[in-house]
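Undergrad: Provided herewith is a single structure, encoded as structure tokens, for subsequent inquiry.
Every read-out reported here was derived from the displayed coordinates using simple, explicitly stated rules and does not represent laboratory data. It should be emphasised that the depicted structure is a prediction, and the values quoted were computed from it without experimental measurement. Don't worry about glycine lacking a Cβ; one is built from the backbone with ideal geometry, like all the others, and counts go over all protein chains shown.
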Ligand SMILES: [Zn+2]
């Protein structure tokens, strides 16, 4: 079960967005009378710094510690999800930087609220190559429920997100280097849809690697692989996975995930999965770039007298 706080945060973000533009006519007071709902503006969100050095050529991993600020996520006596997720995310950042060869950014490094849209938009704007959202699960009355699960965006949610994204971004934006500006809605929708399919395949690949590399290091739920309509995974051009690290409602599991050794295990397994993911990406890119050279070599050898 995905923690209800994701839904709550989504509703809140929608409410903020709606309230900024919302003007409700009041019956009986004439057409001009409106009532404005004053809600605080969304917090200004600067793009997070990128750590790891090595130049812009290195792959960039965006780690997203779930919740933060007034959004505690799941809570049980002694444990707050927002604290647990930040501890895991910081451990993974340090591990990835120590292992080298990657750049890393976090959507938050302290206890602050960041909307779901700001999280995946930050990944897009920084040109992240992967987005990993870290959470902890909860289940009412279930102290025994345990184990991590790995979520990707469900296919239906993914294509609905593609359409919505195409509409919203149609004015001026680009997806995977394809500029949408000036293209018709239909063409934009197709471009976004294509990009999203490739992104989905890569997301599934990362999920597989996390499950494989985590075996023997992390404890997984019997049904570890899942898909759902998760707002934070909706970037159409950044492969994205949400990792439910375990059950915060299970005191032993929560304590382990908060411990130095629990964080180290998480960081080790994730770092391995992420490195393998990029190794495969590099291999496939090399194969793809070698193909035209092979094809032209064959063509030119065939045309020789
Ligand atoms: Zn959560």
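Undergrad: Sorted from fewest to most neighbouring beta carbons within 10 Å, what does the list 227, 184 look like?
TA: Listed from fewest to most nearby Cβ atoms, that is 184, 227.
Undergrad: Once you have the Cα-Cα distance between residue 56 and residue 90, take 0.36 nm times their residue separation minus that, and quote the gain in nm to one decimal.
TA: Gain in length upon complete extension: 10.1 nm.
Undergrad: Which length gain, in nm to one decimal place, applies between residue 194 and residue 261 when the Cα-Cα distance is subtracted from 0.36 nm times their residue separation?
TA: The span from residue 194 to residue 261 would gain 20.0 nm if fully extended.
Undergrad: Using a 7 Å offset from the Cα along the Cα-to-Cβ direction at both residue 125 and residue 280, what is the distance between the two label points in nm, to one decimal?
TA: Roughly 3.1 nm, to one decimal.
Undergrad: If you don't mind, another one. Would you calculate the separation in nanometres between label points at residue 156 and residue 291, each defined as 7 Å from the Cα along the Cα-to-beta-carbon direction?
TA: Going from the residue 156 label point to the residue 291 one covers 3.3 nm.
Undergrad: Once the Cβ-Cβ distance between residue 139 and residue 212 is put in as r, and R0 is 25 Å, what FRET efficiency do you end up with, to the nearest 0.05?
TA: 0.45
Undergrad: Which of 151, 45 comes first, and how do the rest follow, when ranked by fewest Cβ neighbours within 10 Å?
TA: 45, 151
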